[in-house]
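See below for the structure under consideration.
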Amino acid sequence: MVDLKTLNPNQLVEFFESLNHDKFRARQLMHWIYQRNESSIDGITEFSVSLRQQLAKRAYISNIELIDSRTSKDATEKFLFGLSDGEAIEGVLMPDSGKSTLCVSTQVGCAMGCRFCRTGSTGFKRNLNVAEIVDQIILLRRMGRSITNVVLMGMGEPLANIKEVSDALRRMTTLMGISPKRITLSTVGLVEGIEELPLIAPPVNLAVSLNAPTNEIRNKIMPINRRYPIEQLIETLRAYPIKRGRRITFEYVLLRGVNDSEESARMLSSIVRGIPCKINLIPFNAFEDSPFESPGHEQILRFQEVLIDRGYSVFIRKSRGQDIAAACGQLRGNRTGTYGNRGKV
Ligand code: SAH
Ligand code: SF4
């Protein structure tokens, strides 16, 4: 049995041809899966009953399932999705003045072990496949949610799963009507992946979780820095083909007493100098047993001011959905925890 959601457009054409059907069937099928969000072969009423029966002997359409959801006071929604092998992942939907951004997961867990990240503290289980990545969007659309923007900032390191992620990005941009301009991939800074991405994926926006201005600090909070130190990462980004009018986003989680000094801000400004970029400051979101604290508001503003004075666009990311543990770094994908309304959805 083949999962039709894992086949790319060419493979779908081959699949229909192998059954002696015209290749326009592949187009029709993709329309039903990716635009009409159909979840079963049987539901594709444009196909005759006999064609549907013939397909069902060879193939199926996989679906992730909604296990639970919670809505925050600020209208952020967090979803717990169940996968066919019993694993679970999370997605977060953030409505904001006319747009609606879905934060998508790319792996079950994460192997990068960043010390300030809850996902990182639970370790790595497995990669998501292309179907499981795009299905986070498809399922929510089927439930009537509008999704205009996508950020690959949920559980997992997208570039550690670059093959499935780039397939998923291609589906989003060519079949699901989401412009690459409205998609952002966030990476911990895997240098080979950053080099490969523009060669194999649509031109989505790139965000890099820098989080520290020196190797000494970054080594302490991000183990990956020992493999790809800051100089190598920045050098790779200087060579990155940035589309006209776009910028790389640097993400910087502010940790009290670790990377939040004005000296750190000055060093940050000098290492990224010359790269078309904007800087997102993310005050640390605490989770249970986390070893860090967020700086106070005053300190955050001082950090921002140092960078603004040096000509950078700097945004303090407001923390969304904190009351439901949906904010950055709080995702863990457990089936209990912060979900209080099991079975209600
Ligand atoms: N693995 C990718 C994408 C997912 S993490 C990456 O690291 O970029 C998405 C963002 O959340 C990263 O920028 C990360 O630095 C940030 N983050 C992780 N834990 C956090 C926490 N506890 N508080 C605030 N931001 C956090
Ligand atoms: Fe993984 Fe990103 Fe969390 Fe680091 S911050 S552990 S790369 S999900």
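The values are calculated or read from the model by the stated rules, or taken from the named source; none is laboratory data. These numbers were taken from a predicted model, which means no experiment stands behind them. A quick note on method: Cβ atoms are made from the backbone with ideal geometry, for glycine too, and the neighbour counts reach across all protein chains shown. Heavy atoms of the whole protein, side chains included, go into the accessibility calculation; ligands, DNA and RNA do not. Shrake-Rupley method; radii C 1.70, N 1.55, O 1.52, S 1.80 Å.
In region 173-215, of all residues being in a strand (DSSP E or B) and open to solvent by 10 Å² or more (accessible area, probe 1.4 Å), the one that is farthest from ligand 2 (Cβ to nearest atom) corresponds to 205. Of the residues making up region 229-273, just one is among the β-branched types (Val, Ile, Thr) and modelled with pLDDT under 95, namely 242. Taken over region 109-125, the residue count meeting the criterion of being touching a helix residue (DSSP H, G or I) at 6+ places or on another chain (Cβ under 9 Å) and either assigned to a strand (DSSP E or B) or polar (S, T, N, Q) (or both) is 2. Restricting 68, 74 to those that are buried (at least 16 other Cβ atoms within 10 Å of the Cβ) and farther than 26 Å from residue 129 by Cα reduces the list to 74. Out of everything in region 79-108 that is within 16 Å of ligand 2 (Cβ to nearest atom) and part of a strand (DSSP E or B), what residue ends up being surrounded by the fewest Cβ atoms within 10 Å (Cβ to Cβ)? For region 79-108, the residue satisfying everything is 88.
Give me a count of the residues in region 126-154 that are part of a loop (DSSP other than H, G, I, E, B) and aliphatic (A, V, I, L, M).
Matching residues across region 126-154 total 4.
A single entry from 170, 226, 218 fulfils the requirement of being farther than 17 Å from residue 106 by Cα, open to solvent by 10 Å² or more (accessible area, probe 1.4 Å) and modelled with pLDDT of 95 or more: 226.
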